[in-house]
Amino acid sequence: APPGEVDRRKGVYAPAFVELVRRICGRAKFPEGHEAWDQSKRSEFKESRQAVADTLKAAASVAGGANVLLQLAQGLEALGQALQNQAGGAGVLPADWRTPEAALYCIRSVAGSVPFGSPVAMQLLQLLTRLPAGAPAEVRYTAVLVVQKFAPLLADAARRGPEGQALLEPVCALVLRALAPGAGLAGDATLGVQVAESRKFWEWEAADAASSALYNVCADCAAELLAVGALPALVGAFCTRLSAEAQGSPEAPAAACGFGVIEEMAKAVCVAARMQPPDGVASTANEMVRALGQALEALLRRAQATSDCYGISQTLDGLHSVFDRLKDFNEALAGAFEQLWPLLSGTLGMAQAEDWVIERLCRLLKAALRGLGHQRAAGTLPAVCPAIGQAFATRRHEALLYVASECVRIVGALRQPDLGAAVAGMLDAMIDAAAGALAVPSAFNANPYLADDTFLLSSVTLRHAPGLLLREGAPLARLTASAAAGANVQHRDAGTSLYAFLA
């Protein structure tokens, strides 16, 4: 196209696209009676709204994000009048909350096209901070999605001057209200079953969206949040939500992502905590690990009495976030892991633990051993290695094998004979058990992931600490015989690991 032609065409078609925005916004509005929808109806509505969002993004690319935002903001006039001069968490929504909710959803769709420094964007965030705590979950869900998308603009405003900085704490408070346990639940016994289930669903959706929004705000505004003293409120909200989960929250509907809330909140707090001096990081890490440990202890007691593992995975994921995100501060984590180990060992030996719980625990152990650093992690091996070997003998879970690989790497890096004895006992027990389970060709096709991780562990051992497999009494001969039996395995990953070992 000739120079300037693209801009000329945009100028011609921009008014038509702005008119399209005005007309299409109503298609994102919740209809009357949506509370009685089942899961399939909710999914259909989400898909139709996503189509509206895609159209709005295209319109913003032609008409300009600032123009589209200005048009969409007109749908918030009634909301602005209702919440005028109200403090955050107070006030009452207008009777027709569906219209402003639809406008917010549309605004969220075009956030990527809104220019930095937009005064309309800052006015929008100010309006959202005044949303009442008892607003419908659908409104809170959409409001925190807007915050999530506008986090980069908020960070830019906070760096520009005091007006943006003054918004940080109220915006965080808005997100944390959506994360408060049971926020907005009416508790009305006259509600029908379908309506009650719908409300529960949107509560979980709001909490899940809020945890993602919190992470985005903390990732984009970490230094600014620390400067305004918002970190204690973040840690306190995390501990409150965690305590509520440990005391027994209702199970999330299948389509909701409740299991991710604790992990995402832990990531958010860790991102902000990293901006502190090392002593501050250590204090925050210990406070988080102490709260997570108390929650895990309560959940383990419940699981032993009821075989209910709900919440354990959330807690393990939260611990993983702490050890993974703060791995540069391994001195602060060493004492925390030592205090946690009895609880982690109890989880490892819990007979009724589901396989996915063990997998999350192994992910945590691997992150912790890496985060502690070789020298500090070495002190944990005499306790960790026998527990890993015993757990593998009981349940043959392949995730335990990659924890063993991390133990082998530590021994190989430090080359301390006293550590080798503890790891050698674990290695013998695990390889003996795995080779026994993989003694015939059909076993490889039935358990390809067990085969994959068994020979990965063996290759790691030969590369980092070969003496553990080449010493007298090591199960190398049995392992080689197992590899010969699986030479024709019809699984890419298992075959790759097997032939890498033989090579």
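The values are calculated or read from the model by the stated rules, or taken from the named source; none is laboratory data. Since the structure is predicted, the reported quantities are computational estimates derived from the model, not experimental observations. All Cβ positions, glycine included, derive from the backbone under ideal geometry; neighbour counts span all protein chains shown. When the accessible area is computed, the model is the full protein with side chains, heavy atoms only, and any ligands, DNA or RNA have been set aside. Shrake-Rupley method; radii C 1.70, N 1.55, O 1.52, S 1.80 Å.
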Worksheet, complete the sentence: Pairs returned, first residue in the range 295-309 that is assigned by the TED database to the domain that holds Ala266, second residue that is surrounded by 14 or more Cβ atoms within 10 Å (Cβ to Cβ) and at pLDDT below 75, beta-carbon separation under 7 angstrom, 6 or more apart or interchain, are Arg302/Asp308; Cys309/Ala353
Fill in: Criterion (out of contact with any Gly (no Cβ under 9 Å at 6 or more places or on another chain) and either not in a helix (DSSP H, G or I) or not hydroxyl-bearing (Ser, Thr, Tyr) (or both)) met by exactly one of Leu316, Leu343
Leu316
Worksheet item: Of all residues in the range 471-480 being touching a residue at least 24 places away in the same chain (Cβ under 8 Å) and in a helix (DSSP H, G or I), which is most open to solvent (accessible area, probe 1.4 Å)?
Response: Arg478
Practice prompt. Give the residue, chosen from Val411, Val423, that is farther than 21 Å from Leu344 by Cα, in a helix (DSSP H, G or I) and open to solvent by less than 50 Å² (accessible area, probe 1.4 Å).
Written response: Val411
Response to the item:
Expected output for the range 399-424 (first residue not assigned by the TED database to the domain that holds Leu456, partner open to solvent by less than 10 Å² (accessible area, probe 1.4 Å), Cβ below 8 Å, 6+ apart or cross-chain) is none
Worksheet item: Would it be correct to say that Pro170 is outside any helix (DSSP H, G or I) and surrounded by fewer than 22 Cβ atoms within 10 Å (Cβ to Cβ)?
Response: no
Fill in: Met275 being without any contact (Cβ under 8 Å) to a residue 60 or more places away in the chain and assigned to a loop (DSSP other than H, G, I, E, B)
yes
Response to the item:
Taking the range 130-147 and keeping only residues that are open to solvent by 20 Å² or more (accessible area, probe 1.4 Å) and without any contact (Cβ under 8 Å) to a residue 60 or more places away in the chain, one is left with Arg130, Ala133, Gly134
Discussion item. If the requirement is being under 21 Å from Asp355 (Cβ atoms) and either open to solvent by less than 60 Å² (accessible area, probe 1.4 Å) or of a type in the set (Lys, Arg) (or both), which of these qualifies: Ala487, Ala465, Ala483, Ala437?
Written reply: Ala437
Fill in: Of all residues making up the range 361-387, the number that are open to solvent by less than 70 Å² (accessible area, probe 1.4 Å) and either within 25 Å of the chain's Cα centre (by Cα) or closer than 16 Å to Asp317 by Cα (or both)
11
Fill in: The listed residue being at pLDDT 80 or above, open to solvent by 50 Å² or more (accessible area, probe 1.4 Å) and assigned to a loop (DSSP other than H, G, I, E, B), out of Asp54, Asp96
Asp96
